[in-house]
Amino acid sequence: MNNPVRCLACGSDKPFDLFSLGRIPPVNGFSASSNSDNALPLDVRVCVNCWLCQLKEVPDPEHLFRDYKHFSSASKGNLQHLESVANTLVPDTPVAGQPMALEIGCNDGSLMELLRKTGYDCIGVDPAVNMQKIHEEKGLSVVHDFFDERLAEDLLRSKGPFELIVALNVLAHFPTFMSAFKGIRALLAPRGILHLEVADATETLANGRFDTIYHEHVCNYTLTSIDAVLRLAGLRGIHAEKIDTQGGSLRVLAVRDDSDVEIRETYRTLLERDQTEGVNTKEFYLDVKAKTEASISNLTAAYADFCLDEAPVLLLGAPARGVVMCNSTGLRNISNLHCIDDTPAKHGCVIPGTEIPVGGWEVVKTTGANKAILLSWNYRESMLSRLAENGFTGQVLIPLPETEIVTI
């Protein structure tokens, strides 16, 4: 674990401690045992200079991402989102030859395949060595390493500048993100575009949705803190919008700071909204702390009441947010829980930090459960539909964004 004294973005020595979610194992460390021996502190702090919310202690990325159990193609909802992203990225600027696109954190290559179909010559970067065979089978060109300035220099020499760089839910995932942003600056063509998406703390943390905090999320961004990071790296934002993915996210387009691409009103409007909401104040984050503590307390009580009769209860989804939910609310201490997840690599394992077994949709029938808790609440409609298709009838507790119980 690395415990940096200074802010990971601006280098300020002014971060203040906000709250702790205790000790939780790596959220994708699925195995046959609970992995509790590898639990790490999950403490959050905020820099009062650039207002970046970040982890106080940062795990070594080598331990988190070299063998990665999250697959982009495992979620139908995520694939639909990737298709919508690809449709917005159809090349519209004439270039000599095929336009070059780079995806940072390309995972199993699902988006790369879509970008190839839209006309890009695609290259990916991802440190997960367990994805290598998948990339080869798909005929994808992927560098299996962490993206930083060093790697950017190599790519610039071998491939030249890129018209498009895509980073979906990745630039919050490692402590050297500033080197990554600077590497992006070096690789972008003069009018090249960076398309990035990150969880939006003004939609998640500010509303008590603490389950976006885990070791793979070194940062929880607002547009205010993204803007500061972009400027520090020699980039500037030109467009921003709020999107529904991951329980509330930001989509930001950025260019080199010397680009002649004009800023859009959408970017200015959302930055001004941040100021109005006080995102650049300590009071905003103290309110986040209060809402987080209240949310954890309320959900702990709701789970205990829902599972009072000790009958089998299904947990729907084993995403990173679900692991945080199980470990931070005391859900892990409730007996007779059974998790369902679409990722085959997680089947036969237990949720990290717990003894809760993970299986496929056959668990609906083998348990005969008539109660379920939706951990993948950000895919509410598709998960409830799948549950009904597999013969479940009964009650489903949906923890967030508002706690409610629905009947199927």
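Overview of results
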{"read-out": "Rel. contact order, % - alpha carbon contacts under 8 angstrom, at least six apart, the range 118-163", "value": "38 percent"}
{"read-out": "Sites ALA186 and SER141 - FRET efficiency at Förster radius 30 Å, r taken between beta-carbons, to 0.05", "value": "0.95"}
{"read-out": "Highest to lowest packing among 363-373, 77-87, 201-211, scored as the average C-beta count within 10 Å", "value": "201-211, 363-373, 77-87"}
{"read-out": "Charge dipole (debye, nearest 20) of the chain; +1 at Cβ of Lys and Arg, -1 at Cβ of Asp and Glu", "value": "200 debye"}
{"read-out": "Relative contact order, percent, the range 285-407 [alpha-carbon distance under 8 Å, six or more residues apart]", "value": "23 percent"}
{"read-out": "Of LYS69/LYS289; LYS138/LYS182; LYS138/LYS159, pairs whose Cα-Cα distance is over 22 Å", "value": "LYS69/LYS289; LYS138/LYS182"}
{"read-out": "Relative contact order (%) - the chain, alpha-carbon pairs under 8 angstrom, separation at least six", "value": "15 percent"}
{"read-out": "Amide proton proximity set for ASN220, modelled H, under 5 Å, gap of 5+", "value": "CYS53, GLN54"}
{"read-out": "Estimated distance in nm for a label pair at THR88 and GLU283, the labels positioned 7 Å out from Cα along Cα-to-Cβ", "value": "3.3 nm"}
{"read-out": "Sequence of MET112, MET178 once ranked by neighbouring C-beta atoms within 10 Å, starting from the fewest", "value": "MET178, MET112"}
{"read-out": "Neighbour-count ranking [beta-carbon atoms within 10 angstrom, fewest first] of VAL279, VAL125", "value": "VAL279, VAL125"}
{"read-out": "In nm, spacing of pseudo-spin labels at GLN395 and LYS76 (7 Å Cα→C-beta vector)", "value": "2.7 nm"}
{"read-out": "Where a label projected 7 Å from the Cα of ASP309 along Cα→Cβ would reach, residues of the range 368-385 with amide N under 16 Å", "value": "368-373"}
{"read-out": "Helical mean residue ellipticity (222 nm; -39500 (n - 2.57) per DSSP H run of 4+; nearest 500) of the chain", "value": "-9500 deg cm²/dmol"}
{"read-out": "Ascending count of other beta-carbon atoms within 10 Å, so fewest first, for ASP126, ASP108", "value": "ASP108, ASP126"}
{"read-out": "Burial order of peptide ranges 129-137, 317-325, 378-386 (average beta-carbon count within 10 Å, highest first)", "value": "317-325, 378-386, 129-137"}
{"read-out": "Point-to-point label distance, THR276-GLU241, nm (Cα→Cβ direction, 7 Å offset)", "value": "1.9 nm"}
{"read-out": "Under-5 Å amide H pairs with GLU57, H placed in peptide plane, nonlocal only", "value": "ASP43"}
{"read-out": "Cβ-isolated cysteines (cut-off 4.7 Å), the chain", "value": "CYS53, CYS106, CYS122, CYS219, CYS307, CYS326, CYS339, CYS349"}
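All of the numbers you see were taken from the coordinates with simple rules; none came from a lab. Keep in mind that what you see is a predicted model, and the values were worked out from it rather than measured. Cβ coordinates were reconstructed from backbone atoms using ideal geometry, including for glycine residues, and neighbour counts include every protein chain displayed.
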